[in-house]
Amino acid sequence: MRVRKAVIPAAGLGTRFLPATKALPKEMLPLVDRPGIQWVVEEAVRAGIDDILLVVGRTKKSIEDHFDRIPELEAFLERAGKDGQVAQLRAVADLANIHFVRQGEPLGLGHAVGLARHHVGDEPFAVLLPDDIMAPEASLLADMVAAHERTGGCVIALKRFPPDELSLYGVVSTTSEPDARGLVAVTGTVEKPAPEDAPSDLAIMGRYILVPEVFAAIDCLEPGAGGELQLTDALRALIGTVPVHGLVFEGGRYDTGNKLDWLRATVELALQDDELGAPFRAALGDIVRREGIG
C-alpha cells in the first residue's frame, strides 16, 4: 500500500529551551519565518503524504491553532490589501488533512506511536520526530517511502556518528555495508548504548516508515532506557517477522532539540531563503568582520 499517513509525536516538554518553552511549545519556535513543526509537515507533504496525525500534550493548543483557519485575521488582512499574507495563512491550513490526539502521560516514543493505532489502521505509515528538521532539498523521506515500496517492510533513517556520540541514540547492527542506494538490512537495535557496547556506528535518526505490525510489538513493550516505552525496542521485536531496513544518509539534517543546532539551522535556512538570503549573508559578513572571525 502507498504510504499516505504520517505520525508526528509532539508532546514533549521542551525543557532544554526553557524559559522560552514555559508557555510556548518547542515545536512552535520559529525557524526563519515559520515554526519548526511546519517545516516537518511540509517535508511529509513533499514525500506524497496527505494525512498527518500530531500527537500532542495538553499544553500544545497553539500547534492546533497554527494549522487551523483564522477568519478574523484573514478578513483583517484582506481589508488591508495584504492578499499575499492571506494566501500564506490559507496555504498552511490546507497543507494536508491534519488530525490530533493527546498523549496524557510522557511514557516514551513507543507509547506515542501506539496512540496512532486507530488512525493508521492497517496501512504503512511514516513517523517524523519534530526535533529533526530536514533541509528543503533533502529527499530522505521520499527515498524511504520508495525503499518501503521495494521491500514491503520497515525502513529507518540511519546516520554515522563517532563512538562518543552513539550513547545519545538508538544504534543498529547489520550484516553488510549499505548497497548503492544506501539501504542496509537491520539485524538488531539497542537504545543509547555505551560506546564500547555499540554494535555499529549507525544511529537511528528521527524518520521511520513502519508497518502496522509494530502496534502488536508496542503492546508487548516493557519500560526500557530512561524508564520509557522505546520504539527502538519495538523495532527489535519485529526483526525476523517483517523486513527491517535502514537507509543511510549524510547531510541535510538539523537537530533542533539543542540550542546550537537550532541556531545553525536558523542561519542556514535563512541563507537559502529567496527573499532574505542575500541581505542576511551581507549582515553575517558584517558580524564576522566586527568580531574578527576568520
Exercise. Out of all the residues in the stretch 83-98, is one or more touching a residue at least 24 places away in the same chain (Cβ under 8 Å), surrounded by 13 or more Cβ atoms within 10 Å (Cβ to Cβ), touching a strand residue (DSSP E or B) at 6+ places or on another chain (Cβ under 7 Å) and closer than 30 Å to Asp233 by Cα?
Worked result: yes
Exercise. If you go through the stretch 102-127, how many residues are within 9 Å of Lys5 (Cβ to Cβ) and β-branched (Val, Ile, Thr)?
Worked result: 1
Exercise. Based on what the data block shows, is Ala270 touching a strand residue (DSSP E or B) at 6+ places or on another chain (Cβ under 7 Å) and either modelled with pLDDT of 95 or more or not assigned by TED's automatic domain parsing to the domain that holds Glu177 (or both)?
Worked result: no
Problem set entry | Identity of the residue in the stretch 154-174, modelled with pLDDT under 95 and surrounded by 20 or more Cβ atoms within 10 Å (Cβ to Cβ), that ends up nearest to Arg253 (Cα to Cα) | Tyr169
Exercise. Which one of these is surrounded by 17 or more Cβ atoms within 10 Å (Cβ to Cβ), of a type in the set (Gly, Ala, Ser), within 16 Å of the chain's Cα centre (by Cα) and at pLDDT below 95: Ala10, Ala47, Ala6?
Worked result: Ala10
For this session: Determine which member of the set Leu115, Leu109 is at pLDDT below 95 and touching a Leu at 6+ places or on another chain (Cβ under 9 Å).
Result: Leu109
Problem set entry | Answer residue from the stretch 256-276, given it is farther than 23 Å from Leu128 by Cβ and surrounded by fewer than 13 Cβ atoms within 10 Å (Cβ to Cβ) and is farthest from the chain's Cα centre (by Cα) among those | Glu275
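The values are calculated or read from the model by the stated rules, or taken from the named source; none is laboratory data. Because the structure is predicted, anything quoted here is derived from the model rather than measured. Positions of Cβ are generated from backbone atoms using ideal geometry, with glycine treated the same way; all protein chains shown enter the neighbour counts.
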